[in-house]
Amino acid sequence: MTMEQLYRQESERLAQAGVRDALIDGRYLLLEAFGLNMAGFLAVRHQELCEDEDTREKRRRYEALIRKRETRIPLQQITGVQGFMGQEFYVNEHVLIPRQDTETLVELVLKEQPFRQSSLLDICTGSGCIAISLAHLGGYKQITALDISGEALKVARRNGEALLGDYEGCLQFVESDMFEKLTQRPAFDIITSNPPYIRSQVIEDLEPEVRRYEPRLALDGAEDGLKFYRILADKCRSYLNPGGCVYMEIGCDQGPEVEELFRDRGYEEIRTVQDMAGLDRVVRARWNEPQQEVYHV
Ligand code: GLN
């Protein structure tokens, strides 16, 4: 049997289990089990597999990975990585797996906010993918990233160390339920967030990979999915410098409602931006007034 035949056979098991991109996942897991990169695989895929113990061990490892994926554990939780904005982020079951959709938000900030001196707050940071990408690609040197989950922040810190090296002083991670721990009322030029935005009752209809294995805390936006946009619309007014902007990822049907929440509270230059699939994905709003007094919602 060749490697090509082996991976096609095993991918068929994934397809039977309902995995959507069975061939792609089957190949990634093969690379993982055999310790190959894509070029290495392409070079040897039509050769007969050896019968030695080393190859048998790799095949057993591959089988085990396929069995795991058959249970619908996300590929990225098995391999431990997900690419985002050209870098590899470590992920586990405590963080939302970075989505390509979210790159739209990062790209918009990079396009609209060229000043490296800008201070930036990332709320619901999860794996840290937004904050770390902006530190890396935008060169911002004053970033605060918050998450309610201490386990998520362990992942974010690990990514910060791996991808930014010594990030102390330029990026700080704080365990906080939304703005709760920002007691000194620092002001920011930019606020970013990919908050949980799925309506609670819709979560059960999502793919098993998402509903069983990704953290519900990172998905559930309460009954109408808008819970965290209400908090953001209320509170960003107290944490933005005059002229500061907030950038939020949204569900593709939430643009008009989120825009309205921000319009009602006095933000200006509100705009919805589409992702690569042409779906509404990011809402941006500007706060042109002085900072509001902090009050607790
Ligand atoms: N984009 C994610 C999904 O569709 C949801 C992300 C979120 O709630 N912030 O599964």
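The values are calculated or read from the model by the stated rules, or taken from the named source; none is laboratory data. The shown structure was predicted, so the numbers you read here are calculated from the model rather than taken from an experiment. Cβ coordinates were reconstructed from backbone atoms using ideal geometry, including for glycine residues, and neighbour counts include every protein chain displayed. We work out accessible area using only protein heavy atoms, side chains counted, and drop any ligands, DNA or RNA first. Shrake-Rupley method; radii C 1.70, N 1.55, O 1.52, S 1.80 Å.
Quick notes on this one:
- Note on SER238 and GLN117: their simple-model spin labels are 2.8 nm apart, each label 7 Å out from Cα toward Cβ.
- Estimated from helical segments only, the mean residue ellipticity of the chain at 222 nm is -12000 deg cm²/dmol, where each DSSP H run of four or more residues counts as -39500 (n - 2.57).
- The slack between LEU42 and ALA15, meaning 0.36 nm per residue of separation minus the straight C-alpha distance, is 7.5 nm.
- Of the peptides 140-147, 170-177, the order by per-residue mean of other Cβ atoms within 10 Å, starting with the highest, comes out as 140-147, 170-177.
- Stokes-Einstein diffusion coefficient of region 217-278, Kirkwood radius over Cα pairs, 20 °C, 1.002 mPa s, in µm²/s: 170 µm²/s
- The portion of the accessible surface of region 173-297 made up by carbon and sulfur, rounded to a whole percent, is 47 (1.4 Å probe; DNA, RNA and ligands excluded).
- GLU268-ASP224 FRET efficiency (beta carbon distance; Förster radius 22 Å; 0.05 resolution): 0.35
- Gain on full stretching of the segment that runs from GLU161 to GLU257 - 0.36 nm per residue minus C-alpha separation: 30.8 nm
- Axis angle, to the nearest 10 degrees, between helix 3-16 and the longest C-alpha principal axis of the chain: 60 degrees.
- Rounded to the nearest 20, the Cβ-based charge dipole of the chain about its Cα centre (Lys and Arg +1, Asp and Glu -1) stands at 280 debye.
- Surface analysis of region 89-157 yields an accessible area of 36 Å² per residue, using protein heavy atoms and a 1.4 Å probe.
- For region 171-219, the Rg and Dmax computed from alpha carbons only, in angstrom: 14.9, 41
- Stokes-Einstein diffusion for the chain at 25 °C, viscosity 0.890 mPa s, with a Kirkwood radius from C-alpha pairs, works out to 119 µm²/s.
- The fraction of accessible area contributed by carbon and sulfur in region 1-132 is 49 percent, rounded to a whole number (1.4 Å probe; ligands and nucleic acids excluded).
- Pairs of C-alpha atoms in region 159-257 farther apart than 17 Å represent 62 percent of all such pairs.
- Packing-based order for 1-13, 52-64, using average beta carbon neighbours within 10 Å, highest first: 1-13, 52-64
- In this simple spin-label approximation, ASP205 and ASP54 carry label points 7 Å from Cα along the Cα→Cβ vector, and these lie 5.2 nm apart.
- 0 to 90° range, to nearest 10: angle between helix 150-164 axis and the chain longest Cα axis: 80 degrees
- Separation of alpha-carbon centers, region 20-90 and region 240-297, rounded to whole Å: 41 Å
- Using the Stokes-Einstein relation with a Kirkwood hydrodynamic radius computed over Cα pairs, the translational diffusion coefficient of region 35-86 at 25 °C and a viscosity of 0.890 mPa s comes to 188 µm²/s.
- Region 176-255, accessible area per residue, ligands and nucleic acids excluded (1.4 Å, Å²): 40 Å²
- Folded to 0 to 90 degrees: helix 101-112 orientation relative to the chain principal axis, Cα: 50 degrees
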